[in-house]
Every structure is written in structure tokens, then in C-alpha cells.
1. Per-residue HN-Hα couplings for the range 61-72, Karplus 6.51 cos²θ - 1.76 cosθ + 1.60 at θ = phi - 60°, whole Hz, x for Gly and Pro?
2. Report the Cα-based extents of the chain along its three principal axes, largest first, to the nearest Å.
3. Would you mind calculating the relative contact order of the range 10-88 from Cα pairs under 8 angstrom and at least 6 residues apart, reporting the percent as a whole number?
4. Of LEU81, LEU50, HIS6, which is farthest on the positive side of the dipole of the chain, counting Cα position, with +1 on Lys and Arg Cβ, -1 on Asp and Glu Cβ, and the Cα centre as origin?
5. Hey, got the dipole for the chain? About the Cα centre, +1 on K and R Cβ, -1 on D and E Cβ, debye to the nearest 20?
6. With a Förster radius of 41 Å, plug the Cβ-Cβ distance of THR43 and ASN92 into 1/(1 + (r/R0)^6) and report the FRET value to the nearest 0.05.
7. Estimate the FRET efficiency between ARG67 and ILE22 by the formula 1/(1 + (r/R0)^6), using the beta-carbon distance for r and 22 Å for R0, to the nearest 0.05.
8. What does the extension gain come out to for LYS58 and MET85, with contour length at 0.36 nm per residue minus their alpha carbon separation?
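What follows draws every value from the coordinates through simple rules; no lab data is involved. Just so we're clear, the structure is a prediction, and the values are computed from it rather than from any experiment. Neighbour counts are summed over all protein chains in view; Cβ atoms, including those assigned to glycine, are modelled from backbone coordinates with ideal geometry.
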Amino acid sequence: MKENYHVLGETEQYILLYLISIKEGVAVKEIYEEMKLSPNAVTQAVNKLLNEGFLVEKREEVFPRRRLIYLSEKGRKIAQLLLQMQEIMKSNQ
């Protein structure tokens, strides 16, 4: 029986780690400008993370009505695990 594994790509991981360091919502444009990644790659990764329930989006009510991205509780847990993995990989043990 084949298991249904969810694999996060490098871009998805970068986005989760970036968002955990920020306390407020971020526009997709800000993500790709800050991370110096292609807009298309970031948009695809954000959409995947939204579909997986790792992110939530809210639209601003006033102009320019940006789409703001936030970590969901599930996404925050995954990002914290990614941070822990980084710490383990950095250690010399």
C-alpha cells in the first residue's frame, strides 16, 4: 500500500522559514523580492502551501487590496520543525 507523503520543496521551506520570522502578513511580491526568487516560483509555492493548509491568506479591505499571506497554526508547527532541523544539521554531533 502506497503512503500519501507530502514533500516540501526548497522554495516552500524557504517561505515557511521566512514567514516564521515575521509577525504580520506579507504580500507575495514582498516574499519574492526579499528572498530574491522568481515571482512564478514563489506564486506556485505559496499556492501549494495554501492548498496544504500551511498558509492562510487575507485580502486587504482598502486600496491597494493586497493579498497578504500568514502562517497557519499547522504552518507554524512545520516551520518550527524546520528550524529545529537546521539547528541539528549545524551542530557537530
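1. 7, 10, 4, x, 6, 6, 8, 9, 10, 10, 6, 7
2. In descending order, the Cα extents are 51, 37, 25 Å.
3. Over the range 10-88, the number comes to 36 percent.
4. Working it through, the farthest residue towards the positive pole turns out to be LEU50.
5. Dipole about the Cα centre, nearest 20: 120 debye.
6. 0.60
7. 0.90
8. This chain segment gains 6.8 nm when fully extended.
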